[in-house]
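Bear in mind these aren't lab numbers, they're just calculated from the coordinates by the rules spelled out. As the structure is a computational prediction, the values presented were derived from the model and not from experiment. Here the Cβ positions follow ideal geometry from the backbone for every residue, glycine too, while neighbour counts run over all protein chains shown.
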Amino acid sequence: MLPFRFHLLDGVPVSDQLVKAVQRAVLTGEMAPGEKFPSVRVLAQELKISPTTAHKAVLELRDAGFLATRPGAGMVVVKPAGSSREQLISQLAPACRDLIRQAGLLGLTAEETQKALRRALSED
Amino acid sequence: MNSLLEFHQVSRRFGRSQALKSASFRVPAGSITALLGPNGAGKSTALRIALNLLRPSSGEARVLGADSRKLGPAELARIGYVAEGMELPDWMTVDQFLAWCRPLYPKWDSDLERELRKQFALPGDRKLKHLSRGQRMKAALVSALAYRPELLVLDEPFSGLDPLVRDEFITGLLELAGGEGFSVVLSSHDIEEVDRLADHVVMLNHGEVLLNESTESLLARHRRVEVLLPENFGDLPALPPTWIAPQSSGRVLRFADTSHDAAAFGQTAAKVFPGCPPPDVRPYSLRELFVTLVRAGKADAGL
């Protein structure tokens, strides 16, 4: 079992999806700073993905400040510097772009799109 | 980048049929490369050439840096091979089979053998001929992994395995991940089976290599586009050469963008389709991409 939630989607590079999932887990506190991060082999086996892909995601997460190397312990989770609310908001950007595109296909204006979003928020 | 397996314009004929046509591709070091294509595309032929079970009619395959035709026991001890329906000594029990393999390989790792047998829950006292299809494949995989090969060649390994057994098989082969790293090349006619496992893809069709590229770059550069044309749009405009396989139905035009650049796309689309709403642009799954490219190839060939 991996210590974060992950559902693979079609058509998006797996390493990008893995990076996003781990970032979300760290930012929401699903994984705590100092927690041991699974090895490349365990990631590959659990997700049934190539070790090269898993390795690439781990390096990207390390470079982005979400993971750090601890001698003897492999990789551990770190909370990156900066506002985590801002980083969470930026995680929503792809979904927003999708919403805008859908609105464009329906020929809706920006005001109408916002109205639809407000309506959905109040229903929730 | 290094590769453990490279094909340079390899062709192979069987009588009048051409199984491989000047095929060039490579298996990058450390990758899991999938050889994809329908039955009869030339996948098994390519793998059999890589193992010197077949000779190329022309061209050259290089394996572990050597010409495939010169592979000897020393090189073959660094390669693991498992094929669907491969011949095994069926009269042996699992214990006897692995005891028989062990002395053939100086690098046999008994701890890894134990670990894999435990993972696969293989019954040691059962004869190979009495194993299920999945268990047989697992026994063959243990015998091919326990000597830690640098290159693992799997010919249709998942064919006929139920999803649970397939997952166990994949987990087992990834036991070798990490450490010094190893490369895997596997063939499959079912793209969905391998689309997350493979990080490099070679697509074959009728013996020809359609694609030889990393999965990531393939997914990144292809997009499926749908445009809604206005009622009186008239004739279809000429599309840029990287927009292929156009199909139209009513007012909807679909095509494949083969070198997608999100920044430039909007401008080009506005120029080609003046007055149209922004096109719907979506990523492809590997399976959809393969079907689209095969169709486009047929259209090019006038079929």
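Over the Cα atoms of the range A:40-120, each weighted equally, I'd like the Debye log10 I(q)/I(0) at q = 0.23 Å⁻¹, rounded to two decimals.
-1.06
Reachable lysines from A:LYS36, Cα under 25 Å, same-chain residues fewer than 8 places away excluded?
Excluding near neighbours in sequence, the set is A:LYS20, A:LYS48, A:LYS56, A:LYS79.
Peptides A:1-9, B:191-199: what's the order by average Cβ count within 10 Å, highest mean first?
Answer by packing, highest mean first, reads B:191-199, A:1-9.
Going out from 0 in 20 Å bins, what whole percent of all Cα-Cα distances in the protein assembly as shown drops into each bin?
22, 49, 26, 3
Please give the FRET efficiency for A:ARG101 paired with B:ARG114, using the beta carbon to beta carbon distance and R0 = 41 Å, rounded to the nearest 0.05.
Once the sixth-power term is evaluated, E becomes 0.15.
Of the DSSP beta bridges with both residues in chain B, give the percent that are antiparallel, rounding to the nearest 5.
Looking only at bridges with both residues in chain B, the antiparallel portion is about 65 percent.
Take the alpha-carbon centre of the range B:73-143, take the same for the range B:30-46, and report the distance between them in whole Å.
Comparing the Cα centres of the range B:73-143 and the range B:30-46, I get a distance of 23 Å.
Pop out the ³J(HN,Hα) list for the range A:106-111 in order, Karplus 6.51 cos²θ - 1.76 cosθ + 1.60 with θ = phi - 60°, rounded to Hz; leave Gly and Pro as x.
Each residue's phi maps through the Karplus curve to give 7, x, 7, 7, 4, 4 Hz.
By a straight-distance test (C-alpha under 16 Å), which lysines pair with B:LYS129 as possible cross-link partners, with residues fewer than eight away in the same chain excluded?
By straight Cα distance, B:LYS129 reaches B:LYS138.
What nm value, rounded to one decimal, do you get for the distance between A:ALA64 and B:PHE14 when each label is placed 7 Å out toward the C-beta?
4.7
Within 10 Å of each Cβ of A:33-46, how many other protein chain Cβ atoms are there on average?
Average neighbour count from other chains, rounded to a whole number: 3.
Output the 0 to 90 degree angle, nearest 10, between the alpha-carbon long axis of helix B:133-145 and the longest principal axis computed from the alpha carbons of chain B.
So the helix axis and the longest Cα principal axis differ by about 80 degrees.
Treating only the Cβ atoms of Lys and Arg (+1) and Asp and Glu (-1) as charged, compute the dipole magnitude of the protein assembly as shown about its Cα centre; round to the nearest 20 debye.
With Lys and Arg at +1 and Asp and Glu at -1, about 560 debye.
Need one number: the % of Cα-Cα pairs in chain B sitting beyond the 34 Å mark.
Result: 33 percent of Cα pairs exceed 34 Å.
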